[in-house]
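Below is one structure; the comments refer to it alone.
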Amino acid sequence: MSPLRRLIHEVHRRSLWQVLGIYLAGSWVALQVVEQLVAAAGLPVWVQPLSLALLVVGVPIVMATAFVQEGGPGDSAGGAREAAPDVGAGATAVAEQTAGKRLFTWRNAIVGGITAFALLGIAAAAYLVMRSAGIGPAGTLVAKGVVEDRSRVVLADFASEDPSLGRAATEAFRIDLTQSRVVRVTEQTMIAETLRRMDRDPEAGLDLAIAREAARREGIPLVLTGEITRAGGGYLLTADLIEASSGEVLANDRQVAADSTEILPAIDDLSRSLRERIGDSLRDLARDPPLERVTTSDLQALEFYSRAVQAADVEGNAASAVELLEAAIERDSAFAMAHRKLGVVISNLGFDRARSRAALEAAYRFRDRLTEGERHMTEGSYHTSVTLDAARAITAYETLLARAPEHHSALNNLAVLLLQRDDLEALDTVEALLSRAIAADSSLAHPWDNLVDLQVRAGKLDEATATLNAAVGALPQNISLAFKEVEFAAMRRDWTTAEDLSRTLPERFRGNPEAAGADDFNLAVLASVRGRLGDAGERLVRSAEASERMGRELWAIQDLIDRAAIDIVLGGRPDRGVAEMEAVLRERSFDTLPAVNRPDVDVARFFALAGRVDRARAALESAAARPSAAEGSYDDYQMRFARSEIAIAEGDGAAAVQALEGVEPDGCTSCLVQLGRAYDAAGRPDSAILAYERYVDVSDIDRVYVDRWWLGRSLERLARLHDQAGNLDQAELYYAMFVELWREADDLLQPLVRAADDRLQEILAIRG
């Protein structure tokens, strides 16, 4: 028996209600299958409603067939077939009954249903063929050749009587449109830089005329503009995709929102419609979550978020970004992307790791509200900073890049993670990732910043110089790149340039809170390097005061600890330094800080350098209890240095060396210094010389923060080690470098400088 015959035979055995139940259950299964096909195979979205319509139409047909063939609900099974004929009925009634039985058969019902769904499938297939081939109204703009695949588009501000509503709607549209694989939304940061070159205020808005001009300047072919207008008690939303040079409207659509709460869903429908017209895969459109589940359902929160991104990524104004992100989260506590951005901004500031960790944990908790791309970004940030699972973070970014190969933040973050592996063979891969990130959006500072670091580490100083100059030229308003200029000059030991650049920061970045105290901090670091201890201490106090005014107590604490360390490390006055440090720890409620925020490792090292081993061990035990102290982590490395310093203080040079086993010194300035000190304490002068020399010569753009403590001391010790070994050529070199570095040092250090200079003159006399 064929499957169709078996099915008909089975149906004949069922009552009317059983047939209806079976049909409804089968319809539900069919709708689930159709839904999966729409999502997985990219069928047109109208397949689902038409499938439902066909199934609804099928209900009366199935009921009629069951009634005609099987009898009413009150009939016994088979009663309709076994009842005696009505001899009094007319011939017409008999004919109608016979015709009904011939028309309403199970074969006809089943074959008709199969045929209807087959025709629907043929229609869907034809639509897909026409869409991909660019035929007729179904053809996409990409398929027709009107728009190139991966074209950039400038998103103009949505026009609205309510400016805040327009800004929020623009950002909502941007979020949804960034999910497209066909067009690339030009970043706000890039447009802001273009507007500056046009001598326009980036904060003044981006109407259609200005957007077209900016697009033409940058060679961007498309502009997308929208408008929100009142329509009775609701809103009418329109969007137009425009060819930038000619102004021709390539595609448009409109949606209606009953009230302000319906604006985000309306924007979602508007964006999807345009994306479908342009050429986005129907499968991708079906998989993307609706907009109200993407970032936030609160338009005001969305506006705050948009302004925060501008402040953080374009201006380098972290203080304003934090304030705006907190305002966004106050309006929508489940705003996952605002939590993530807050965590990243605070992490980049340093010190307040507890606050950063809490924000990233919140973002991860609400990640189901995000688009696929945003979810991968959130997971990457979470595993980088919270779980410290670099492998999972790398997987998250690689998964995102498989879908969006030009996602600049994913490219940058993946590059940083690979760079942290200390794999020198991967440097070319990292450089390629950062170059791609800059090509995707040259107006973001982080990829430029990291590319400079990488090129310095690889010894490509000329390329690093060119990259830094290009970055500052592209983002003159970004203060983080100005800090990089100071660090770069200091790395090249051009102290005058580094100091001059530092002094210009307050005026150059007037209005940016991040410039407050930045000159004092940088000048304090530079003064420490050159032995001007009094100047360094005074500037650190002023820097701490500026940090307190900004509400950054942790920065203030670090500045004051560094001030105390000047006396311990450089001044040769350990008792005075310890007294200052104990006052800071006592008066600043150090013990009440979250454990992850306390600079326990620094405190441990400084106490060890002062000979207070008991205090050093106590601080180290506190640091070791943190989850962030996992093996191989940054904290783990720092604790190894502290253990090594404690061993040196106890006179156990072998233990000092042993504490550093497994430390990879390539490119690690602080590692090389500590290795040199450990070998020196262990009575291994040849190894100490090698480590000190590698430290002096290493290319590391951040080295000034180590040099402030150790460059002078290391040069002087290196000269004496070579002198003791009879290497007068090398001794002469390092004595000269030391004397030049500390020539203008404080009177406290001048006896050491004079002794080195005297020995230098003796060597010069010996060598003639």
Within segment 162-181, track down each residue that is among the aliphatic types (A, V, I, L, M) and open to solvent by 10 Å² or more (accessible area, probe 1.4 Å).
L165, I175
Which of the residues spanning segment 730-768 are over 19 Å from Y679 (Cα atoms), within 51 Å of the chain's Cα centre (by Cα) and either among the small types (G, A, S) or modelled with pLDDT under 95 (or both)?
A736, A745, A756
Counting only residues in segment 538-584 that are small (G, A, S) and surrounded by fewer than 20 Cβ atoms within 10 Å (Cβ to Cβ), the one nearest to the chain's Cα centre (by Cα) is identified as G551
Can you name every one of the helices (runs of 4 or more DSSP H) wholly within segment 551-618 that holds 3 or more residues which are within 19 Å of I648 (Cβ to Cβ) and in contact (Cβ under 8 Å) with a residue 12 or more places away in the chain?
574-587, 600-609
Residue set L208, L241, L236; condition among the aliphatic types (A, V, I, L, M) and closer than 20 Å to E276 by Cβ; output residue L241
Here are A362, A410: which of them is over 30 Å from V182 (Cα atoms) and open to solvent by less than 50 Å² (accessible area, probe 1.4 Å)?
A362
Got a number for residues in segment 24-63 being modelled with pLDDT of 70 or more and small (G, A, S)?
7
Where a residue in segment 102-122 is over 18 Å from M63 (Cβ atoms) and in contact (Cβ under 8 Å) with a residue 12 or more places away in the chain and its partner, wherever it lies, is in a helix (DSSP H, G or I) and polar (S, T, N, Q), with Cβ under 7 Å and at least six apart
L120/S51
Go through segment 185-241 and report how many residues are within 27 Å of V142 (Cα to Cα) and either touching a strand residue (DSSP E or B) at 6+ places or on another chain (Cβ under 7 Å) or surrounded by fewer than 19 Cβ atoms within 10 Å (Cβ to Cβ) (or both).
28
Considering only residues that are outside any helix (DSSP H, G or I) and either out of contact with any Gly (no Cβ under 7 Å at 6 or more places or on another chain) or within 21 Å of V696 (Cβ to Cβ) (or both), which ones fall in segment 456-492?
A458, G459, K460, L475, P476, Q477, R492
Of the residues E330, E379, which single one is out of contact with any helix residue (DSSP H, G or I) (no Cβ under 6 Å at 6 or more places or on another chain), open to solvent by 30 Å² or more (accessible area, probe 1.4 Å) and in a helix (DSSP H, G or I)?
E330
The one condition in (1) within 17 Å of G166 (Cβ to Cβ); (2) in contact with a Pro (Cβ under 8 Å, 6 or more places away or on another chain); (3) not polar (S, T, N, Q) that A211 fails to fulfil:
(2)
Being modelled with pLDDT of 85 or more and acidic (D, E) narrows it down to one residue among E203, E193, E171, E213; which is it?
E213
If we keep just the residues of segment 382-407 that are among the aliphatic types (A, V, I, L, M) and out of contact with any Ser or Thr (no Cβ under 8 Å at 6 or more places or on another chain), which is most open to solvent (accessible area, probe 1.4 Å)?
A402
What pairs can you find where one residue is in segment 487-499 and under 14 Å from L523 (Cα atoms), the other is in a helix (DSSP H, G or I) and not aliphatic (A, V, I, L, M), and their Cβ atoms are less than 7 Å apart, with a gap of 6+ or different chains?
A489/T497
Single unsatisfied condition, E406 versus (1) under 18 Å from R353 (Cα atoms); (2) of a type in the set (D, E); (3) touching a residue at least 60 places away in the same chain (Cβ under 8 Å):
(1)
Could you tell me whether segment 269-282 includes any residue that is assigned to a strand (DSSP E or B), over 30 Å from N512 (Cα atoms) and open to solvent by less than 10 Å² (accessible area, probe 1.4 Å)?
no
Given the conditions (1) among the charged types (D, E, K, R); (2) out of contact with any His (no Cβ under 6 Å at 6 or more places or on another chain); (3) buried (at least 18 other Cβ atoms within 10 Å of the Cβ); (4) more than 25 Å from L526 (Cα to Cα), which single one is not true for E425?
(3)
Tell me which residues, restricted to segment 335-358, are open to solvent by less than 20 Å² (accessible area, probe 1.4 Å) and hydrophobic (A, V, I, L, M, F, W, C).
F335, A336, M337, A338, L342, V345, I346
Screening A474, A432, A489 for residues that are under 22 Å from F509 (Cα atoms) and modelled with pLDDT of 90 or more leaves only A489
Long-range neighbours under 6 Å by Cβ, at least six apart or interchain, first residue under 19 Å from V601 (Cα atoms) within segment 670-692, second among the aliphatic types (A, V, I, L, M) and part of a helix (DSSP H, G or I):
S670/V706; L672/A691; L675/A691; A678/A656; A678/V657
Please go through segment 537-550 and give me each residue that is in a helix (DSSP H, G or I) and either among the hydroxyl-bearing types (S, T, Y) or in contact (Cβ under 8 Å) with a residue 60 or more places away in the chain (or both), ordered by number.
S543, S547
Note down all Cβ pairs under 7 Å where the first residue falls in segment 439-450 and is under 17 Å from V416 (Cα atoms), the second is among the hydroxyl-bearing types (S, T, Y) and open to solvent by 10 Å² or more (accessible area, probe 1.4 Å), and they're at least six residues apart or on different chains.
A445/S480; W448/T467; D449/S480
Considering only segment 370-387, I want to know if a residue exists there that is under 28 Å from D700 (Cβ atoms), of a type outside the set (S, T, N, Q) and out of contact with any Leu (no Cβ under 9 Å at 6 or more places or on another chain).
yes
Which residue out of A301, A354, A308 is among the small types (G, A, S), out of contact with any Pro (no Cβ under 9 Å at 6 or more places or on another chain) and over 22 Å from F509 (Cβ atoms)?
A301
Kindly list the number of the only condition in (1) outside any helix (DSSP H, G or I); (2) within 30 Å of D149 (Cα to Cα) that fails for E374.
(1)
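The values are calculated or read from the model by the stated rules, or taken from the named source; none is laboratory data. Only a predicted model underlies this, so the values are computations on that prediction, with no experimental measurement involved. Counting neighbours? That spans all protein chains shown, and the Cβs are built from the backbone with ideal geometry, glycine included. Heads up: the accessible areas ignore ligands, DNA and RNA and are worked out on the full protein's heavy atoms, side chains in. Shrake-Rupley method; radii C 1.70, N 1.55, O 1.52, S 1.80 Å.
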